[in-house]
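J.: Okay, handing you the structure first.
The values are calculated or read from the model by the stated rules, or taken from the named source; none is laboratory data. Note that the structure is predicted; figures quoted are calculated from it, not measured. Cβ sites come from the backbone with ideal geometry, for glycine too, and all protein chains shown count toward neighbours.
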Amino acid sequence: MDNIRVRFAPSPTGSLHIGGARTALFNWLYARNKNGRLILRLEDTDMQRSTEDAAAGILEGLKWLGLDWDEGPDVGGDFGPYRQSERFPIYQHYLQLLLNEGRAYYCFCTADELRQQREKAQQDKQNYLYDGPCRTLSSEQVAERLTLGMKPVIRLKVPKDGHTVVHDLVRGEVEFDNSLLDDFIIAKSDGWPTYNFAVVVDDYTMKISHVIRAEEHLSNTPKQLLVYQALGLTPPQFAHVSMILAPDRSKLSKRHGATSVQEFRDDGYLPEALVNYLVLLGWSPGENIDIYPREEMAKNFSLDDVSRSAAIYDLNKLTWMNGHYLSVASMGRIVNLIEPEAELKGWLRSYNREYFYKVIDLVRSRAKTSHDIIDLAIYFFETPAVYDEKGVQKYFRKPGSQDKLKAVSEAIGQIQNFNAPELEASMRLKAEVLGLKASELIHPTRLALSGRTTTPGLFEVMELLGKEVCQDRIKQATFFISNLS
């Protein structure tokens, strides 16, 4: 398909939400699949809420996800500017065209007059629609009001009958009754266009071929199609993707956990895990798979496979995916992720890097986020200050637990080559001599060394800790047991 041009057009009034990130991803995948172009446009005409920090954060979030764009405010292009706040003359040109052709008109109704109309509609138990008293003003009447310094809005003349049909690539044909629409405002009294007008002008002048966006924008689409019609322009193709809902099928919000890309990054998630998860929220490659490489996504992405049904947010699945990507990431990358926190804890000042790398390599397979790695590794660098309470009840309060730990200390003290195979052989032999199961020595020893009931293989842990540390911690644990009441 030729001349595929799609766009991601966020409003820089907050952080990049995962719903917006998925929209950006779908546009990126469609552009790359069709050898087209992705345009980034900042819809920043909400002067009070739009900020440069939010704009920078959105770009940073997209780049962290590995999404690039072919045209945009930071890279330029032939169809800019790519910020709505810099496109005022362009909007004025198209607004004037509609006014000149009588397809739009100045509305001088005051806020009080409109409020009274709304209140009357409520009293009559009717939906409020602007009844158009300014629609029939003569040119002389308009000129007179403008001369008096009145600041009008501009409204589009909407057909009072018939239907507007959205031909949607995901949802099929969606029909809207024109009689349910009023002459909506396309420019405010300060001259700035409203969203439904600006987006039409932007998409047309930027030669957008496909508008892929969230389902919540579907209700705006008939108004936008009416603007296209009034301007005599051919609209792009539309594809409205399903919303992302919380597990209880309510609107996704902060109470359901992290919802912005930056929050996931700061919580220890990898970009490839988030991308993998987001692409499967509302799109299926036709196979029952979970781990899906980015190259395969771009190769196989199609709007035909986008679901109409709402996608359900599942943090557990995302976290599982993240654990997979952590387990296959390079050691260098893992170290880069956790090194700042390890530096703050002083680990790299107190231990050599070879030891640090060995510890990280041992514990990483159990981690679900990069922060987990720090938690899983802590007892390799810091003597346990407390012991898991359930473990204490199960292993330390058992009769003979001190004797078992002393037996372990005695066994490992005799080992010359302090490595995992030798440790395992020695402990199993000691258990046999004492008439115990090996687990009866292993579990209390694990608790003594780590303060925990679950770790990587005990003998690998012991090898890394070294003989002296193991014996010191076992001694500490026996002292702790002796003081249990």
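J.: Taking only pairs six or more apart or across chains, which ones have beta-carbon atoms under 8 Å, a first residue in the range 462-477 that is touching a residue at least 12 places away in the same chain (Cβ under 8 Å), and a second residue that is surrounded by fewer than 20 Cβ atoms within 10 Å (Cβ to Cβ) and of a type in the set (K, R)?
T.: Short answer, once both residue conditions are applied: L464/K358; I474/K406.
Condition check ((1) over 19 Å from the mean Cα position of the chain (by Cα); (2) at pLDDT 95 or above; (3) farther than 22 Å from S365 by Cβ; (4) surrounded by 17 or more Cβ atoms within 10 Å (Cβ to Cβ)) across all residues:
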{"position": "A273", "(1), (2), (3), (4)": "no, yes, no, yes"}
{"position": "I291", "(1), (2), (3), (4)": "no, no, no, no"}
{"position": "E296", "(1), (2), (3), (4)": "yes, no, yes, no"}
{"position": "A310", "(1), (2), (3), (4)": "no, no, yes, no"}
{"position": "S327", "(1), (2), (3), (4)": "yes, no, no, no"}
{"position": "S330", "(1), (2), (3), (4)": "yes, no, no, no"}
{"position": "N336", "(1), (2), (3), (4)": "yes, no, no, no"}
{"position": "L344", "(1), (2), (3), (4)": "yes, no, yes, no"}
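J.: Separate question: Going through L303, L348, L315 one at a time, which residue ends up being in contact with a helix residue (DSSP H, G or I) (Cβ under 8 Å, 6 or more places away or on another chain) and crowded, with 17+ Cβ neighbours inside 10 Å?
T.: Testing whether each residue is in contact with a helix residue (DSSP H, G or I) (Cβ under 8 Å, 6 or more places away or on another chain) and crowded, with 17+ Cβ neighbours inside 10 Å leaves just L303.
J.: To continue, here is another question. If the requirement is being out of contact with any Asp or Glu (no Cβ under 9 Å at 6 or more places or on another chain), surrounded by fewer than 19 Cβ atoms within 10 Å (Cβ to Cβ) and touching a residue at least 40 places away in the same chain (Cβ under 8 Å), which of these qualifies: N27, N33?
T.: Going through N27, N33 in turn, just one is out of contact with any Asp or Glu (no Cβ under 9 Å at 6 or more places or on another chain), surrounded by fewer than 19 Cβ atoms within 10 Å (Cβ to Cβ) and touching a residue at least 40 places away in the same chain (Cβ under 8 Å): N33.
J.: With the range 377-482 as the region, which helices (runs of 4 or more DSSP H) entirely inside it contain at least 2 residues that are over 23 Å from Y357 (Cα atoms)?
T.: 401-413, 420-434, 439-450, 467-482
J.: Evaluate the following for I208: is it of a type in the set (V, I, T), in contact with a helix residue (DSSP H, G or I) (Cβ under 9 Å, 6 or more places away or on another chain), at negative phi and in a strand (DSSP E or B)?
T.: So I208 does not fit the description; no.
J.: Can you confirm whether the range 179-188 contains a residue that is touching a Cys at 6+ places or on another chain (Cβ under 8 Å), among the hydrophobic types (A, V, I, L, M, F, W, C) and either outside any loop (DSSP other than H, G, I, E, B) or closer than 20 Å to N127 by Cβ (or both)?
T.: yes
J.: Can you spot a residue in the range 42-49 that is without any contact (Cβ under 8 Å) to a residue 12 or more places away in the chain, assigned to a loop (DSSP other than H, G, I, E, B), surrounded by fewer than 17 Cβ atoms within 10 Å (Cβ to Cβ) and out of contact with any Asp or Glu (no Cβ under 7 Å at 6 or more places or on another chain)?
T.: Looking for residues that are without any contact (Cβ under 8 Å) to a residue 12 or more places away in the chain, assigned to a loop (DSSP other than H, G, I, E, B), surrounded by fewer than 17 Cβ atoms within 10 Å (Cβ to Cβ) and out of contact with any Asp or Glu (no Cβ under 7 Å at 6 or more places or on another chain), one finds at least one in the range 42-49, hence yes.
J.: Okay, next question. Pick out, from the range 231-327, the helices (runs of 4 or more DSSP H) lying fully within it that include 1 or more residues that are within 19 Å of T369 (Cα to Cα) and in contact (Cβ under 8 Å) with a residue 12 or more places away in the chain. Lay out the reasoning, then the answer.
T.: Values: elements: 261-266, 271-279, 294-300.
Those helices (runs of 4 or more DSSP H) span 261-266, 271-279.
J.: I'm told Y82 meets every condition in (1) within 26 Å of G191 (Cβ to Cβ); (2) over 25 Å from the mean Cα position of the chain (by Cα) except one. Can you identify the failing condition by its number?
T.: (2)
J.: Take the range 106-149 and flag every residue that is assigned to a loop (DSSP other than H, G, I, E, B) and modelled with pLDDT under 85.
T.: Passing the criteria: D124, K125, Q126, N127, Y128, L129, D131, G132.
J.: Can you name every residue in the range 104-127 that is in contact (Cβ under 8 Å) with a residue 12 or more places away in the chain and under 41 Å from the mean Cα position of the chain (by Cα)?
T.: Of everything in the range 104-127, those that are in contact (Cβ under 8 Å) with a residue 12 or more places away in the chain and under 41 Å from the mean Cα position of the chain (by Cα) turn out to be A104, L114, N127.
J.: So which of S482, S426, S450, S409 ends up being loosely packed, with under 13 Cβ neighbours inside 10 Å and either on the phi > 0 side of the Ramachandran plot or among the small types (G, A, S) (or both)? Walk me through it before giving the result.
T.: Values: S426 fails: loosely packed, with under 13 Cβ neighbours inside 10 Å; S450 fails: loosely packed, with under 13 Cβ neighbours inside 10 Å; S409 fails: loosely packed, with under 13 Cβ neighbours inside 10 Å.
Only one candidate qualifies: S482.
J.: Go through the range 179-199 and give me each residue that's without any contact (Cβ under 8 Å) to a residue 60 or more places away in the chain and either on the phi > 0 side of the Ramachandran plot or in contact with a helix residue (DSSP H, G or I) (Cβ under 8 Å, 6 or more places away or on another chain) (or both).
T.: Matches in the range 179-199: L181, F184, N196.
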